[in-house]
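*Asks:* My questions all concern the structure below.
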Amino acid sequence: MTVRPEDDAPRPRTGDGFSDAVTVAFGDERADLYAVARVGLADTGASGLALVFHRGEPVAVHAEAGVAVDTPRSWDEVSVAGIDTEVIEPLRAWRLQYASDEASLDVDLRAVGAIAALDPDHPAARAGGMTGFDQAVRVTGTATVGGRRIAVDALGQRGHSWGAPDWDRIALARTVGAWLGDDLAVSLTAIRPAGAKHHEDERVAATILDRDPESGAERATAVVDPRLSTTYDADGRQLAAGLELFVDEEGVPRRAAGEVACGTTLDLGRLTLHCAFFRWRMEGRTGVGRYDVLARAA
């Protein structure tokens, strides 16, 4: 799938159950600050979800849905759950603001590296009913937690996804991002069909974002055989994970390992979200990232 600047804008609605969302997640290990902000559009109106973690604990959790909006031409026109976004330059630069009594964010995002696109014909896209793209970003600005102002210089990811997921056919969806500098990141999506029980039954798509060692050019390398293993706690929350990323059928995989830095679980009605931020290690590099599991409620 070729991603164009116009793909940064909200997508035209294409039938019942269609939804469209932009998600920003970032982590500043030095400041021990992690955040995710999602703004979505659906038949029922706009929705938003914001989570801010500081020193290992969730300090702000804000969800809102069913907010009436006209047909927006830009994400700048959608304000929900205390979240406001601005597209400075499509596919290159954005601004995110969030305000609540517990915490606030005022940060600039700038794309680093190539784009990880999920083609609509990929098995993971077909199983999940969603397609879209992710970009690694550098996040700078300020946060306020408990009246204390915190400088932010973080790595993160901005994603735009759209489609019509059928949760009668989906058991769970995983979203994994590992950000290890301005020139190395991993984006992974995994969909487990209803009735399946294990990792090996999932449809998985993964992309490595880095630079060509000879030319230095940005590149997005689709992983031929992505493998994700996870260790959970007694309540089913992700504690640690390993990635084996085979970029060709005969080569040695590129590997990454991570462990949880902070997280929480949210009841979203029909669905349960296990949201976690991880510390990652890959090829002698260290970084941070996100590992979310969205599953049908028991």
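*Asks:* Evaluate 2.2 N^0.38 Å with N set to the residue count of region 62-146, then give the Cα radius of gyration divided by it.
*Replies:* That ratio works out to 1.30.
*Asks:* While we're on this one: Specify the residue with the greatest mean-square fluctuation among 234, 261, 136, computed from a Gaussian network of the chain linking alpha-carbon atoms under 10 Å apart.
*Replies:* 234
*Asks:* Here's another thing I want to ask about it. Would you mind working out the magnitude of the charge dipole of the chain relative to its Cα centre, with +1 at each Lys and Arg C-beta and -1 at each Asp and Glu C-beta, to the nearest 20 Debye?
*Replies:* Approximately 420 debye in magnitude.
*Asks:* Which value results when the Cα radius of gyration for region 134-198 is divided by 2.2 N^0.38 Å?
*Replies:* Details: Rg = 16.8 Å, N = 65, 2.2 N^0.38 = 10.7 Å.
Against the compact-globule rule of thumb, the ratio is 1.56.
*Asks:* OK, next. Compute the normalised compactness of region 254-298: alpha-carbon radius of gyration over 2.2 N^0.38 Å, N being the residue count.
*Replies:* 1.40
*Asks:* Additional query: Counting other Cβ atoms within 10 Å, which GluC sites (Glu not before Pro) in region 226-298 have at most 16 and lie in a DSSP loop?
*Replies:* Details: sites: 244, 249, 250, 259, 283; in loops: 249, 250, 283.
Hits after loop and neighbour filter: 249, 250, 283.
*Asks:* Further, regarding this structure: Per q in 0.13 1/Å, what log10 I(q)/I(0) does a Debye calculation on the alpha-carbon atoms of the chain return?
*Replies:* Taken in order of the listed q values, log10 I(q)/I(0) reads -0.88.
*Asks:* Just from its helices, what would the mean residue ellipticity at 222 nm be for the chain, if runs of 4 or more DSSP H residues each count -39500 (n - 2.57) and the sum is divided by every residue, rounded to the nearest 500 deg cm²/dmol?
*Replies:* Calculated from helices alone, the mean residue ellipticity at 222 nm is -500 deg cm²/dmol.
*Asks:* Let me ask another. Give me the mean projected area, in nm² to one decimal, of the convex hull enclosing the Cα positions of region 58-105.
*Replies:* 4.1
*Asks:* Also, quick follow-up: Could you give me the percent of Cα pairs per 10 Å distance bin for region 169-278, shortest bin first, beginning at zero and ending with the bin that holds the maximum distance?
*Replies:* Here the calculated profile for region 169-278 is 13, 42, 33, 11, 2.
*Asks:* With +1 on the Cβ of every Lys and Arg and -1 on the Cβ of every Asp and Glu, and nothing else charged, how large is the dipole of region 52-135 about its Cα centre, in debye rounded to the nearest 20? Please report the intermediate quantities before stating the final value.
*Replies:* Working: 6 positive and 15 negative charges, 61 e Å.
So the magnitude is around 300 debye.
*Asks:* Between the alpha-carbon centers of region 55-102 and region 270-286, tell me the distance in whole angstrom.
*Replies:* 22
*Asks:* Rounded to the nearest 0.05, what FRET efficiency is calculated for residue 4 and residue 99 with R0 set to 41 Å and r the Cβ-Cβ distance?
*Replies:* Efficiency at R0 = 41 Å is approximately 0.80.
*Asks:* I've got another one for you. Assuming R0 = 22 Å, can you tell me the calculated FRET efficiency for the pair residue 140 and residue 73, based on Cβ-Cβ distance, to the nearest 0.05?
*Replies:* My answer for the efficiency is 0.20.
No value in this document is a laboratory result; all are computed from the given coordinates. Every value quoted in this text rests on a predicted model; they were computed, and no experiment measured them. Heads up, the Cβs are rebuilt from the backbone with ideal geometry, glycines too, and the neighbour counts pull from every protein chain shown.
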